[in-house]
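Heads up, the thing below is written out as structure tokens.
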Amino acid sequence: MNEVKKRSVGIIGIGSHVPEKVLTNKDLEAIVETSDEWIVDRTGIRERRIADQETATSDLAYQAALKALADAKVSADEIDLVIVATATPDMFFPSTACLVQNRIGATKAAAFDLAAGCSGFAYGLVVGTQFVQNGTYKKVLVIGAETLSKILDWTDRNTCVLFGDGAGAVVLGEVEEGYGILGVELGADGSGGDLLKMPAGGSRMPASAQTVADRLHYVHMSGNDVFKFAVKVMGEAAAKALEHAGLSSEDVDCLIPHQANIRIIQSAAKRLKMPMDKVMVNVDKYGNTSSASIPIALNEAVKSGKVKKNDVVVVVGFGAGLTWASCVLKWCGEDL
Ligand code: UT7
């Protein structure tokens, strides 16, 4: 039997968008009992962007999508599928992907949201790739977008100092053989679901005056446990994706880790035996933007020249679920 030839799939356009408002660690000192020193020392975060009251996740996603489409030189009506990875959708339904699909005018596109916490964008990359690889679709828009600030308990210093808002988007399409996505690794461990969650507002605990009074519509996290999970899984997931690509960490030109905490990033790099100058870090500027962090970091790496054509790039994330995801790509650059 003849094997069906799989198409090579890569990122053919990328863009990101963050709100204008900057919230510094100093600003946070006036909100909760914390200090710039503690936050920088324990997390590496110096400031983050915060969406205003009128701005929802789909607004950030829309801006990032426009930039990715322009970068790819693809018009919205060429998009076959919109995937939005988010833990902070505008509302339960319709999906944020449908809101974006309508706003950009991707009238031919199917659309759905993907829930995998902070690993959502990397999950989305892998899911979107399948449709192009098997010939179902030609162009897929994958977006990671969040307004975590809307579900943070601004009286809880354990969580409110960590997160920020933003969005990043890519257009996936067929690329020259040998480029694009070379290896992937996805995983989940639902037994760790309680470590990072928004307890109320769903069917388990519908919204009520009591759930609001009990502050159950906010992020609840066991930071220390998530930290231990993250340092273990980041290195492992990236190593497995590299193995599936037939590569080793020595072949990697740039690591784009989920930007949650500089100590987690450093420990992942160490486990992969990668020097920090090959690791993209911008957690200092944006904090943890959940599913938006990888595309924002990747966009910055590409636009600043840290990632160039022919580079081997590894993205790796972890998050609520618990989940993890990694993707190895050979960067195809502009002129392909
Ligand atoms: O995308 C996935 C999302 N989640 C994450 O990435 C979180 C992963 N976890 C982490 O990044 C770290 O665990 C944290 C940054 C959340 C916490 O750092 P840590 O080194 O694990 O600190 P800790 O939780 O062990 O807390 C140390 C101390 C505690 O005080 P006591 O009990 O030792 O007196 C906390 O109450 O630091 C205290 N603390 C703070 N102090 C000042 C916690 N938050 C703050 C704060 N400012 N904002």
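So the values come out like this:
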{"item": "Inter-part distance where the stretch 154-208 and the stretch 228-242 are each reduced to a Cα centre, Å", "result": "16"}
{"item": "Bridge type composition, the chain - antiparallel percent by DSSP, nearest 5", "result": "70"}
{"item": "Bridge type composition, the stretch 181-330 - antiparallel percent by DSSP, nearest 5", "result": "75"}
{"item": "Among the listed pairs Lys6/Lys273; Lys26/Lys232; Lys139/Lys330; Lys26/Lys330, those beyond 29 Å (Cα-Cα)", "result": "Lys6/Lys273; Lys26/Lys232; Lys26/Lys330"}
{"item": "Carbon and sulfur %, accessible surface of the stretch 1-98 computed with the full protein complex present, 1.4 Å", "result": "51"}
{"item": "Candidates Thr107, Thr96, Thr88, ranked by Gaussian network fluctuation over the chain, Cα under 10 Å, top entry", "result": "Thr107"}
{"item": "Anisotropy class of the stretch 9-179 from Cα gyration tensor, a/c 1.5 cut", "result": "prolate"}
{"item": "Mean separation of Cα contacts under 8 Å, 6 or more apart, over the residue count of the chain: relative contact order %", "result": "25"}
{"item": "Surface per residue (accessible, 1.4 Å probe) for the stretch 1-133, Å²", "result": "49"}
{"item": "Exposure rule at most 15 other beta-carbon atoms within 10 Å, DSSP loop GluC sites (Glu not before Pro): the chain longest free segment", "result": "178-333"}
{"item": "In nm, spacing of pseudo-spin labels at Lys73 and Asp277 (7 Å Cα→C-beta vector)", "result": "3.4"}
{"item": "Efficiency of FRET from Cβ geometry, Asp214 and Ser191, R₀ 22 Å, rounded to 0.05", "result": "0.35"}
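The values are calculated or read from the model by the stated rules, or taken from the named source; none is laboratory data. These numbers come from a predicted model, not from an experiment. Cβ atoms come from the backbone with ideal geometry, glycine included; neighbour counts cover every protein chain shown. Note: areas computed on protein heavy atoms with side chains; ligands, DNA, RNA excluded. Shrake-Rupley method; radii C 1.70, N 1.55, O 1.52, S 1.80 Å.
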